[in-house]
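Visitor: Sending over a structure as structure tokens; questions will come in a sec.
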Amino acid sequence: MGELVLSIFPGIDLLGRGFEEQGFCVVRGPDKLWGGNVCDFHPPAHVFDGIIGGSPCQDFSRARRSPPTGDGMAMLAEFARVVTEAKPEWFLLENVPTVPDVTVPGFHVQRFDLNARECGMRQRRLRHFQFGSCDRAFLVPLRRVTDEPIEGIAMASEGSKMGRRDWVTFCKVQGLDEPLDLRSLTIKGRYRAVGNGVPLPMARVLAAAVTDRVVTGDSGYCVCGCGRSVTDRSLYAGVACRKRAQRRRDRVNDPGTVTVGLSQ
């Protein structure tokens, strides 16, 4: 029997679908898309092996053109609360690279980025993840960059644009072989729901990484947390990793940075 996973902020839950395909048993929590509210949700303790989810990212996005609403931080706090109450062995949060640290006492947290191109996809879509574990395990995603031509990113806003791709094509860009039947939503809502989801091939890569998570210590892997291996006495897998680590140090020293719970 596979691990039992709770998916919160699921939406149409492409992330959860990827975990199901890899043998996990996924239970979906409430979501605003279907009339639910995570704030009213209280999971039982020591039932779920893991918790996955992508809380709202608009407040943390560099593309934001209006002041933050505060909902982003509030929902990060809800994610941390659910983890605290459920007491799983691990959690996986999806958001944007500028999201604050989400930490829960007793969990070691790994931050890393993953691009859809590294998951064999044609769109260059960057996603950010935080993986927390009680046993200091960390993920080593199997990155496989495709040489296929680049295709336009499946953005959540595409449904409101003229000349948008047809529904079948849009779903395929996100890794769905068959289009989802979302006739209960408006056209804009359908595109938003699929565009907001973690691309299915990326979800599979993450689920496989969770299955094969490394628990033998950090030796031999990049200290930035990306999960890439390093050789000899190298600390970083590349220049980008070194810069990422420096940005993280700058963020820790920035008095304006807000984190949830204790820092890593």
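Visitor: Please work out if Val214 is under 20 Å from the mean Cα position of the chain (by Cα) and closer than 11 Å to Val140 by Cα. Steps first, please.
Guide: Details: under 20 Å from the mean Cα position of the chain (by Cα): yes; closer than 11 Å to Val140 by Cα: yes.
So Val214 fits the description; yes.
Visitor: Now for a separate question. Looking only at region 95-104, how many residues end up being part of a loop (DSSP other than H, G, I, E, B) and touching a helix residue (DSSP H, G or I) at 6+ places or on another chain (Cβ under 8 Å)? Please lay out each step first, then the result.
Guide: To start, the set of residues in region 95-104 that are part of a loop (DSSP other than H, G, I, E, B) comprises 96-101, 103-104.
Those left that are additionally touching a helix residue (DSSP H, G or I) at 6+ places or on another chain (Cβ under 8 Å): 96, 98-100, 103-104.
The total comes to 6.
Visitor: Ok, one more. Do we have Leu180 as within 19 Å of Arg117 (Cβ to Cβ) and in contact (Cβ under 8 Å) with a residue 60 or more places away in the chain here? Give the derivation first.
Guide: Working: within 19 Å of Arg117 (Cβ to Cβ): no; in contact (Cβ under 8 Å) with a residue 60 or more places away in the chain: yes.
Criteria not met by Leu180.
Visitor: Given the conditions (1) under 16 Å from the mean Cα position of the chain (by Cα); (2) closer than 22 Å to Ala203 by Cα; (3) touching a residue at least 24 places away in the same chain (Cβ under 8 Å), which single one is not true for Gln58?
Guide: (3)
Visitor: Have a look at Lys87, Lys32 and point out the one that is farther than 21 Å from Gly197 by Cβ and either over 16 Å from the mean Cα position of the chain (by Cα) or among the charged types (D, E, K, R) (or both).
Guide: Values: Lys32 fails: farther than 21 Å from Gly197 by Cβ.
Selected residue: Lys87, the only one of Lys87, Lys32 that is farther than 21 Å from Gly197 by Cβ and either over 16 Å from the mean Cα position of the chain (by Cα) or among the charged types (D, E, K, R) (or both).
Visitor: Now, a different point. Residue under question is Tyr191, and the condition is that it be more than 20 Å from Glu21 (Cβ to Cβ), buried (at least 22 other Cβ atoms within 10 Å of the Cβ) and of a type outside the set (Asp, Glu); does it hold? Outline the logic, then answer.
Guide: Values: more than 20 Å from Glu21 (Cβ to Cβ): yes; buried (at least 22 other Cβ atoms within 10 Å of the Cβ): yes; of a type outside the set (Asp, Glu): yes.
Criteria met by Tyr191.
Quick grid of which residues meet (1) in contact with a Lys or Arg (Cβ under 9 Å, 6 or more places away or on another chain); (2) modelled with pLDDT of 95 or more; (3) farther than 23 Å from Glu3 by Cα:
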position	(1), (2), (3)
His46	yes, yes, no
Ile51	no, yes, no
Asp59	no, no, yes
Arg64	no, no, yes
Val82	no, yes, no
Thr98	yes, no, yes
Val102	no, no, no
Arg127	no, no, yes
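Visitor: Something else about it: Looking at Ser55, is it outside the structural domain of Cys224 (by TED's automatic domain parsing) and crowded, with 22+ Cβ neighbours inside 10 Å? I'd like the intermediate steps shown before the answer.
Guide: Values: outside the structural domain of Cys224 (by TED's automatic domain parsing): yes; crowded, with 22+ Cβ neighbours inside 10 Å: yes.
The answer is yes for Ser55.
The values are calculated or read from the model by the stated rules, or taken from the named source; none is laboratory data. It should be emphasised that the depicted structure is a prediction, and the values quoted were computed from it without experimental measurement. Don't worry about glycine lacking a Cβ; one is built from the backbone with ideal geometry, like all the others, and counts go over all protein chains shown.
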